[in-house]
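For reference, the structure is listed below as structure tokens.
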Amino acid sequence: MTIRIIRRGVPPSEKIYKVTCARCDSLLAYKMEDIEVTDDYREHKSFQSLNCPVCANKIFITQHVEANELLKEEINRRRNIDGY
């Protein structure tokens, strides 16, 4: 039996998420590879964060929100223009 793909998903490493910087209000798109994980041994927790490329604010990620299709298209368009 051959496995057929009914609907193609996106591998977790390729998913694009969005977050808004609280300091400069920039809307940022990121992948999981952009996240920095910090362990707090006193609290027995790990924190996920990224640095805003506009104002250098450290943004703590509490929930990953997938970017919508429109944002994904804009990111891909800019990558093609900028060679990103």
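The values are calculated or read from the model by the stated rules, or taken from the named source; none is laboratory data. What you are looking at is a predicted structure, and each value in this text was computed from that prediction instead of being measured. Don't worry about glycine lacking a Cβ; one is built from the backbone with ideal geometry, like all the others, and counts go over all protein chains shown.
Please go through segment 61-77 and give me each residue that is loosely packed, with under 13 Cβ neighbours inside 10 Å and at pLDDT 85 or above, ordered by number.
The answer is 62, and nothing else.
Scan the strands (runs of 3 or more DSSP E) fully inside segment 2-54 and keep the ones with 1 or more residues being within 20 Å of residue 76 (Cα to Cα) and among the hydrophobic types (A, V, I, L, M, F, W, C).
Passing ranges, in order: 17-20, 27-30.
If you scan segment 1-38, which residues turn out to be modelled with pLDDT under 90, over 12 Å from the mean Cα position of the chain (by Cα) and surrounded by 10 or more Cβ atoms within 10 Å (Cβ to Cβ)?
10, 38, listed by residue number.
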